[in-house]
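Comments concern the structure below.
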Amino acid sequence: MNILEKIVAYKKLEVEEAKALRSVAELKAMPLFSIPCLSLTAFLLDESKTGIIAEYKRQSPSKGVINNTSTVKEVTNAYAQNGASGISILTDNHFFGGSLVDLLDAREATLNKVPLLRKDFMIDEYQIFEAKAYGASVILLIAACLSPEKVKELAILAKSIGLEVLLEIHNEDELIHICDEVDLVGVNNRNLKDFVVNVEASAQLIQKMPKNKVAVAESGINNTDTIVFLRKAGFKGFLIGEHFMKQSDPTIAFANFVNELNTKGR
């Protein structure tokens, strides 16, 4: 059993436990559920913004603890203040040390000025309602752990309650998961089955992706030259997590990165 299979197996148990603690009706009654979402698509297409989706991540199965000292509020506030087009919050607890409370903290810290992506292993409709109730504007669907039919089913539900959908693919075989209800397509340069990173994967796959979907490059981006290269290839979004979080002060690291990127222009 590879890493992704282990995560999904555990996630199924976790979702059932969550359902027993709080009903969908209770999630719908939470204050944030009725508030309109910000559009990550619009933020990424805005040429005046950086295109960076900056991530808050404490740990990962492949790297262990990355940063367990910088708080969600201080980091996400700095991301928002320094030009992030979106902010990704890892809410998986068992493998990544996150939680849904992190979404709430990020929402409070950023004053709802930047769209929040709930980054998790979404396998059940219940998680879609959770995302909306806890302040996300976008959900991540991972093709590697969902059938094309399940992607469409979850995407339809997400769209029906006002969420945008970022579909993550890893190879050409997963292009069949792209459906009308998906807003953005991300190419993860990290193979979730063995966690090996190959940045060239994005440049290769974008040529075969639908032109009407906003393209996002994910993982393995650790310098501004890579963003310049990927922009020329056609990408509008760049999801970056570990590069900032592994620094002694992610807030300063992000500000410096954006400043350097701005000097290179578009």
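The values are calculated or read from the model by the stated rules, or taken from the named source; none is laboratory data. Given the structure is predicted, the values throughout are model-derived calculations rather than measurements. Every residue, glycine as well, gets a Cβ built from its backbone with ideal geometry; the counts of neighbours run over all protein chains shown.
Miscellaneous remarks
- Of the helices (runs of 4 or more DSSP H) lying entirely inside region 99-171, those carrying at least 2 residues that are at pLDDT 95 or above and of a type in the set (K, R) are 148-160.
- Residue pairs meeting the criteria (Cβ under 6 Å; at least 6 apart or on separate chains; first charged (D, E, K, R), in region 14-36; second surrounded by 12 or more Cβ atoms within 10 Å (Cβ to Cβ) and modelled with pLDDT of 95 or more): K19/Y126
- Per this entry, F238 is counted among residues that are crowded, with 20+ Cβ neighbours inside 10 Å, in a strand (DSSP E or B) and of a type in the set (F, W, Y).
- Looking across region 172-221 at every residue that is touching a Ser or Thr at 6+ places or on another chain (Cβ under 7 Å) and part of a loop (DSSP other than H, G, I, E, B), the one that is nearest to Q59 (Cα to Cα) is identified as F195.
- Candidate set: region 54-69, residues that are at pLDDT below 95 and among the small types (G, A, S); chosen: the one nearest to the chain's Cα centre (by Cα): S60
- Only one of the numbered conditions (1) buried (at least 24 other Cβ atoms within 10 Å of the Cβ); (2) out of contact with any Pro (no Cβ under 7 Å at 6 or more places or on another chain); (3) aliphatic (A, V, I, L, M) is violated by V138, and that is (2).
- Here I178, I169, I161 are screened, and the one residue that is over 24 Å from E47 (Cβ atoms), of a type outside the set (F, W, Y) and in contact with a Gly (Cβ under 8 Å, 6 or more places away or on another chain) is I169.
- Condition check for I128 on (1) touching a residue at least 40 places away in the same chain (Cβ under 8 Å); (2) surrounded by 24 or more Cβ atoms within 10 Å (Cβ to Cβ): one failure, at (1).
- Of all residues making up region 178-205, the number that are touching a helix residue (DSSP H, G or I) at 6+ places or on another chain (Cβ under 7 Å) and either modelled with pLDDT of 95 or more or crowded, with 19+ Cβ neighbours inside 10 Å (or both): 10
- Restricting attention to region 92-112, the residues being touching a residue at least 40 places away in the same chain (Cβ under 8 Å) and either buried (at least 24 other Cβ atoms within 10 Å of the Cβ) or among the charged types (D, E, K, R) (or both) number 4.
- Considering region 80-91, the residues that are crowded, with 22+ Cβ neighbours inside 10 Å and out of contact with any helix residue (DSSP H, G or I) (no Cβ under 6 Å at 6 or more places or on another chain) include one that is farthest from A18 (Cα to Cα), namely A84.
- Qualifying residue in region 246-263 (condition: under 19 Å from the mean Cα position of the chain (by Cα), among the polar types (S, T, N, Q) and either under 21 Å from I66 (Cα atoms) or surrounded by 15 or more Cβ atoms within 10 Å (Cβ to Cβ) (or both)): yes
- Of all residues in region 222-235, those that are without any contact (Cβ under 8 Å) to a residue 40 or more places away in the chain and either part of a helix (DSSP H, G or I) or in contact with a Pro (Cβ under 9 Å, 6 or more places away or on another chain) (or both) total 7.
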